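*Asks:* First, the structure itself, so that you have it in front of you.
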Amino acid sequence: MDRLLLLMTTTTYRASAFLEAAQRLGVPVVVGSDRPQVLEAANPGGHLTLDFLAPEKASGAIVEFARRYPIQAVVAADDDGAILAAMAAAALKLPHNSVGAVAAARSKHRMREVLAATGAPSPRFAVFSVDDDPRDVAGRVSFPCVIKPLFLSASRGVIRANDPVEFVAAFHRLAAILRRPEVAAQGGPLARQILVETYIPGVEVVLEGLLSRGRLRVLAIFDKPDPLEGPFFEETIYVTPSRLPDSVQQSIVACTSQAVAALGLEHGPIHAELRVNDQGPWILEVAPRSIGGLCSRALRFGEGMSLEELILRHAMGLEVDSIIRERQAAGVMMIPIPQAGVLREVRGQPEAQRVKGIEEIRLTIPVGTEVIPLPEGSRYLGFIFSRDDSPERVEAALREAHRRMIFIITPPGETPSVQ
């Protein structure tokens, strides 16, 4: 019986959503993970341990595995497995994005080069070494600008600088992040470089799509109603459907299609982030994956189908074109970390849950855990989900629920005062 190979690291938020989707489809699953699974020996056809940092070797292991346990589709849960998924699918002669296209989308520098060469609207850019003197670099860039790593996600390490003084401080801060052993190991040569881009003003949006032989199908456009102007770019609220005029939404789709074609992406989910101003839409990022974290829970299709199930149906060659997003407006708030320290207590969650339109509040960092805000951190305290008759009501519910919650965070070793 043909199997579905799900590539997921132990750090992913998406494991349960994809596994539940596969169970609903009745598809046998092979979990390809970066660490051995407890039941791997008892179920050798259901588990595969892979080195995601050595994709060529891991792809060979998948091909060997598939000789004993045939694989019909390969799906990466998030960024970490995207290149390996492309390599393995190519080796198994399954529908896939080319390895070059995925590699270009995964490297912010290469993406900028490809988009610039094809005329897609995107920021001007330059790349520097972490060992460069930022005082010299500051004299070679224009302001305001944004500095960022070439490979990290969730806005980690992304900092706006408005002048040379801010630039030097931001450069040193990002370089310190990139020199951390776990970050350097993850990024390899990419961890030795820093990307500097012109700052693009405007409102930010997200387009979730699905590619079939290069044809883009739009699944949803999310508005980000909170201004993202820096110095850090912590995302909070996503709301769909978009409230932008139809003509603007059409231009967003056209701009995304241009970027996807330029990168050579052809198959599977894409997650695009854009800014829109008086000059039109600008591409910030196109990732060969679906929306991250638990945010996919804001999307439902047909009679309650999850985004993950839609992606797996598409990967398995099942019909998906007739399945459309539900009519209700929906949204998610990624609960920001207000300060560094240890999360000691969460207050007000029952009151927040009672807000009209709130569907679920999912906290993802346990009490007693150290929390680190952006730009050094990459996690959120949790997620708030809302559904209602309009995007306006969804946004209002998310804000009110968050207002009712209090997160007690203290320095390590200090206990919260009793109130």
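For (1) part of a strand (DSSP E or B); (2) in contact with a strand residue (DSSP E or B) (Cβ under 8 Å, 6 or more places away or on another chain), each residue gets a yes or a no:
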position: Q37; (1), (2): no, yes
position: S59; (1), (2): no, no
position: I62; (1), (2): no, yes
position: R67; (1), (2): no, no
position: Q72; (1), (2): yes, yes
position: V75; (1), (2): yes, yes
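*Asks:* Mind checking which helices (runs of 4 or more DSSP H) fall wholly inside segment 80-166 and carry at least 1 residues that are touching a Pro at 6+ places or on another chain (Cβ under 7 Å) and among the hydrophobic types (A, V, I, L, M, F, W, C)?
*Replies:* 82-91, 99-106, 134-138
*Asks:* One residue is enough: does segment 299-312 have a residue meeting the conditions surrounded by fewer than 16 Cβ atoms within 10 Å (Cβ to Cβ) and touching a Leu at 6+ places or on another chain (Cβ under 9 Å)?
*Replies:* Within segment 299-312, one or more residues are surrounded by fewer than 16 Cβ atoms within 10 Å (Cβ to Cβ) and touching a Leu at 6+ places or on another chain (Cβ under 9 Å).
*Asks:* Hey, among V74, V30, which residue is more than 24 Å from R379 (Cα to Cα), touching a residue at least 60 places away in the same chain (Cβ under 8 Å) and among the β-branched types (V, I, T)?
*Replies:* After applying the criteria, what remains is V74.
*Asks:* Going through segment 327-386 one residue at a time, which ones are in a helix (DSSP H, G or I) and surrounded by fewer than 19 Cβ atoms within 10 Å (Cβ to Cβ)?
*Replies:* Q349, P350, E351, Q353
*Asks:* Can you name the residue in segment 136-193 that is free of Cβ contacts under 8 Å to residues at least 60 places away in the same chain and of a type in the set (K, R) and is also surrounded by the most Cβ atoms within 10 Å (Cβ to Cβ) among such residues?
*Replies:* For segment 136-193, the residue satisfying everything is K148.
*Asks:* Does M316 meet the test of being surrounded by fewer than 19 Cβ atoms within 10 Å (Cβ to Cβ) and either free of Cβ contacts under 8 Å to residues at least 40 places away in the same chain or aliphatic (A, V, I, L, M) (or both)?
*Replies:* So M316 passes the test.
*Asks:* Let me ask something additional. Being in contact with a Ser or Thr (Cβ under 6 Å, 6 or more places away or on another chain) and on the phi < 0 side of the Ramachandran plot is the filter here, so list the residues in segment 146-166 that pass it.
*Replies:* L150, R156
*Asks:* Same structure again: Need the failing condition index for S322 against (1) among the small types (G, A, S); (2) outside any loop (DSSP other than H, G, I, E, B); (3) without any contact (Cβ under 8 Å) to a residue 12 or more places away in the chain, just the number.
*Replies:* It fails just one condition, (2).
No lab work stands behind these numbers, since they all come straight from the coordinates. Not measured: the values here are computed from a predicted model. Positions of Cβ are generated from backbone atoms using ideal geometry, with glycine treated the same way; all protein chains shown enter the neighbour counts.
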